[in-house]
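Peer 1: First the structure, then my questions, so here it is.
The values are calculated or read from the model by the stated rules, or taken from the named source; none is laboratory data. Source: prediction; values computed, not measured. Neighbour counts run over all protein chains shown; Cβ positions are idealised from the backbone, glycine included.
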Amino acid sequence: MKLTSTIFVLVAIISVSIAGAAVSAVPSSNLDKRQNASPEILSNLSYLFGWQMVGAAGTPVELISACNDISTLGHGIWAEMGLFPSSIIVPICGTPEPNATAARINSVRYTTGMFMTLLLSSFTGTDNFNYICTSLNFDLVDQFAIDSQALSKAVCQRAGAPLQPVPATTPPDSKTSPQAVKAAQNMLSVLYANILAAGAYTVEDLSDLCEAAPEHVEGFNEQFLNGELVQEWLCDFTEPITVLDAKAAVVDWTSRYFVAVVESISTVNNWLDWLCKSVNFENMAIVGLDPNYVTDQICADAGGSEKDV
């Protein structure tokens with residue numbers, strides 16, 4: 001069935017190519033062996049996806065149409081890949097008109113929820129959580145559109161410690177590089193491109209999404225996304241994505257996003273080396289990260305450190 005709502009077109013724009021370069025719409029290896037994302041991750045993604053739609057919608061009619069379409073149709077393979085259409089429509093059906101401000105606020109809320117789940121699930125032991133609690137830097141966390149106060153509170157509570165993150169004021173030279181923030185932004189954009197593509201039934205649906213993307217670029221630029229890259233990425237889809245590929249894409253790009261952020265939210269000495277030695281392989285697999293990618297990438301970025309066994 002053809003996607004009839006313009007909002008699907010604009011949501012589709014939530015795709016993007018990494019640093020402007022062409023990126024495969026499907027992870028390249030071991031698709032059938034990837035761990036599915038956990039329900040908690042998929043729940044946050046569903047709400048976040050809905051709010052992105054609200055933020056990019058051009059008119060109230062688009063929201064009404066999307067609300068009706070998703071309520072009636074599903075949409076595509078969203079439910080089959082583990083997303084919750086009933087959660088996606090909560091902001092869409094509950095917002096009478098496009099609201100970029102509300103979308104940004106709630107996008108931060110659900111991005112924070114997703115990253116918080118990933119972070120808390122990737123380590124074990126009070127000592128590790130206490131170290132993260134005392135090492136997180138508010139300024140750096142906030143640059144990734146993540147609520148530093150909420151994240152720090154959750155981590156410190158897990159450690160059984162009072163809130164003790166590095167104060168929000170940091171020297172200028174300790175700021176996260178623009179490249180790191182851009183990388184995380186692009187990873188999220190690719191993730192949502194795959195989710196949006198999973199809502200398309202036919203090649204014609206994908207073509208419609210591509211054609212309508214330019215008019216919504218500016219709206220996505222306001223949502224911690226790069227609208228121009230989103231448009232480019234979306235138009236690279238040539239056929240509807242399969243359930244297997246859609247599930248694998250969520251794991252793949254969530255893992256890449258996690259690495260981009262977790263490496264850049266502290267200025268303590270040897271942070272990357274500590275991450276390399278401390279991430280928990282089994283727990284990452286359970287939450288839906290690719291533990292091989294996460295471990296290999298962090299250890300490589302730490303300068304060739306090896307994880308303790």
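Peer 1: Could you list, in sequence order, all residues of the stretch 66-76 that are surrounded by fewer than 23 Cβ atoms within 10 Å (Cβ to Cβ) and assigned to a loop (DSSP other than H, G, I, E, B)?
Peer 2: G74
Peer 1: If you don't mind, another one. Would you call A79 closer than 27 Å to L244 by Cα, touching a helix residue (DSSP H, G or I) at 6+ places or on another chain (Cβ under 8 Å) and surrounded by fewer than 23 Cβ atoms within 10 Å (Cβ to Cβ)?
Peer 2: Yes, satisfied.
Peer 1: Go through the residues of the stretch 205-224 one by one and say whether even a single one is without any contact (Cβ under 8 Å) to a residue 24 or more places away in the chain, out of contact with any helix residue (DSSP H, G or I) (no Cβ under 7 Å at 6 or more places or on another chain) and surrounded by fewer than 23 Cβ atoms within 10 Å (Cβ to Cβ).
Peer 2: Yes - at least one qualifying residue is present in the stretch 205-224.
Peer 1: Then there's this: Taking I132 as the residue in question, decide whether it is out of contact with any Gly (no Cβ under 9 Å at 6 or more places or on another chain), of a type in the set (V, I, T), farther than 30 Å from P98 by Cα and modelled with pLDDT of 90 or more.
Peer 2: yes
Peer 1: I'm trying to understand the selection: among the residues of the stretch 146-158, which are surrounded by fewer than 20 Cβ atoms within 10 Å (Cβ to Cβ) and among the small types (G, A, S)?
Peer 2: A150, A154
Peer 1: Looking at (1) part of a helix (DSSP H, G or I); (2) at pLDDT below 90, can you tell me which one I92 breaks?
Peer 2: Only one criterion in (1) part of a helix (DSSP H, G or I); (2) at pLDDT below 90 is unmet by I92, namely (2).
Peer 1: Now for a different question. Count, please, the residues in the stretch 122-152 that happen to be part of a helix (DSSP H, G or I) and over 16 Å from the mean Cα position of the chain (by Cα).
Peer 2: Result for the stretch 122-152: 17.
Peer 1: Of all the residues that make up the stretch 234-245, how many are more than 19 Å from W78 (Cβ to Cβ) and among the aromatic types (F, W, Y)?
Peer 2: Result for the stretch 234-245: 0.
Peer 1: Given (1) modelled with pLDDT of 95 or more; (2) buried (at least 18 other Cβ atoms within 10 Å of the Cβ); (3) farther than 27 Å from K247 by Cα, where does Y293 come up short, assuming only one miss?
Peer 2: Of the numbered conditions (1) modelled with pLDDT of 95 or more; (2) buried (at least 18 other Cβ atoms within 10 Å of the Cβ); (3) farther than 27 Å from K247 by Cα, the odd one out for Y293 is (3).
Peer 1: Please give the number of the condition L229 fails out of (1) within 16 Å of A57 (Cβ to Cβ); (2) modelled with pLDDT under 80.
Peer 2: For L229, the failing item is (1).
Peer 1: Further question on the same structure: Sort out which residues of the stretch 110-149 are over 20 Å from L272 (Cβ atoms) and in contact (Cβ under 8 Å) with a residue 40 or more places away in the chain, and write them in order of number.
Peer 2: Y110, T111, G113, M114, T117, A145
Peer 1: Is one or more of the residues making up the stretch 251-272 buried (at least 18 other Cβ atoms within 10 Å of the Cβ) and over 23 Å from P178 (Cα atoms)?
Peer 2: Yes, there is a match, as at least one residue in the stretch 251-272 is buried (at least 18 other Cβ atoms within 10 Å of the Cβ) and over 23 Å from P178 (Cα atoms).
Peer 1: Same structure again: Checking I88 against (1) crowded, with 19+ Cβ neighbours inside 10 Å; (2) out of contact with any Phe, Trp or Tyr (no Cβ under 7 Å at 6 or more places or on another chain): exactly one of these is not met. Which one?
Peer 2: (2)
Peer 1: Moving on. Just checking, does the stretch 231-247 include any residue being under 18 Å from N44 (Cα atoms) and polar (S, T, N, Q)?
Peer 2: no
Peer 1: Looking for something modelled with pLDDT of 80 or more, crowded, with 21+ Cβ neighbours inside 10 Å and of a type in the set (D, E, K, R) - is there at least one such residue anywhere in the stretch 181-204?
Peer 2: no
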